[in-house]
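Colleague: Just passing along the structure, written as structure tokens.
Only the coordinates and a few stated rules stand behind these numbers; no lab work does. These numbers come from a predicted model, not from an experiment. Here the Cβ positions follow ideal geometry from the backbone for every residue, glycine too, while neighbour counts run over all protein chains shown.
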Amino acid sequence: MGELSSSSNSIETLSQTLDDLTLLQVDQLDEQLNLMSQIESNLMSGFINLAKSRYINGERTVSTAQIPGEESDVQPSTRVVRDANNKLEISKNEDGSDALKWFGVLVPMCLRQSQTHFRRVLEIAVDIVNVREEAAKSLKEFYHLAEVKKSAV
């Protein structure tokens, strides 16, 4: 009889863990949706500010003509790297060039705001990738425990 009680206790523990993983999946999905909404908002604001800047200064002053060509040696000011825990993170490069300088010395505020919004998009995108990787791990664990429970019953 003790073996039956231990078995049912084990199944109860498995069931509780599966319930917890299900709730974790729902939380991770909710977080992904919130982050996607933030990306949409920041992208829209970034493009609107970019358009304002082109309108204020003229389309020739803020165009692809100011962007360095492929032959230029441009160092990025921001990189996305993996940390020790294999999560993505943003790394600042002090030797990197500030893209706003490509558009002159007196850059309109709208262009600066646009850059800020697009930088925020990069940060949010990194967060989304990290959340999705965590969700994939918890889903894999869920399926494994579901198989263990199925074989135990």
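Colleague: Give the number of residues within the stretch 132-142 that are surrounded by fewer than 17 Cβ atoms within 10 Å (Cβ to Cβ) and closer than 17 Å to residue 36 by Cβ.
Modeller: 4
Colleague: Let me ask something else. Would it be correct to say that residue 55 is within 27 Å of residue 20 (Cα to Cα) and of a type in the set (Ser, Thr, Tyr)?
Modeller: no
Colleague: Select from the stretch 98-131 the residues that are part of a helix (DSSP H, G or I) and small (Gly, Ala, Ser) and write down the one among them that is nearest to residue 38 (Cα to Cα).
Modeller: Per the stated criteria, the residue is 125.
Colleague: Being farther than 30 Å from residue 132 by Cα and among the β-branched types (Val, Ile, Thr) narrows it down to one residue among 116, 78, 64; which is it?
Modeller: 64
Colleague: Being part of a loop (DSSP other than H, G, I, E, B) and loosely packed, with under 11 Cβ neighbours inside 10 Å is the filter here, so list the residues in the stretch 60-92 that pass it.
Modeller: 60, 69, 70, 71, 72, 73, 75, 83, 84, 85, 86
This table checks each residue for (1) in contact with a strand residue (DSSP E or B) (Cβ under 7 Å, 6 or more places away or on another chain); (2) not basic (Lys, Arg).
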| site | (1), (2) |
| --- | --- |
| 72 | no, yes |
| 76 | no, yes |
| 89 | yes, yes |
| 100 | no, yes |
| 124 | no, yes |
| 132 | no, no |
| 140 | no, no |
| 147 | no, yes |
| 152 | no, yes |
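Colleague: Further, regarding this structure: Restricting to the stretch 63-85, and then to whatever is touching a residue at least 24 places away in the same chain (Cβ under 8 Å) and under 28 Å from the mean Cα position of the chain (by Cα), can you tell me which residue is farthest from residue 108 (Cα to Cα)?
Modeller: Checking each candidate, the answer is 80.
Colleague: May I pose another question? Can you find even one residue in the stretch 30-38 that is surrounded by 13 or more Cβ atoms within 10 Å (Cβ to Cβ) and either touching a strand residue (DSSP E or B) at 6+ places or on another chain (Cβ under 9 Å) or among the charged types (D, E, K, R) (or both)?
Modeller: Checked against the condition, which is being surrounded by 13 or more Cβ atoms within 10 Å (Cβ to Cβ) and either touching a strand residue (DSSP E or B) at 6+ places or on another chain (Cβ under 9 Å) or among the charged types (D, E, K, R) (or both), the stretch 30-38 yields at least one hit.
Colleague: I would also like to ask the following. Just one of (1) part of a loop (DSSP other than H, G, I, E, B); (2) in contact with a Lys or Arg (Cβ under 8 Å, 6 or more places away or on another chain) trips up residue 95, so point out which.
Modeller: Every condition holds for residue 95 apart from (2).
Colleague: Let me confirm something: among 111, 139, which residue is more than 27 Å from residue 52 (Cβ to Cβ) and not polar (S, T, N, Q)?
Modeller: The unique qualifying residue is 139.
Colleague: Residue by residue through the stretch 52-95, note down the ones that are under 21 Å from residue 122 (Cβ atoms) and of a type in the set (Val, Ile, Thr).
Modeller: 62, 64, 67, 74, 78, 80, 81, 90, listed by residue number.
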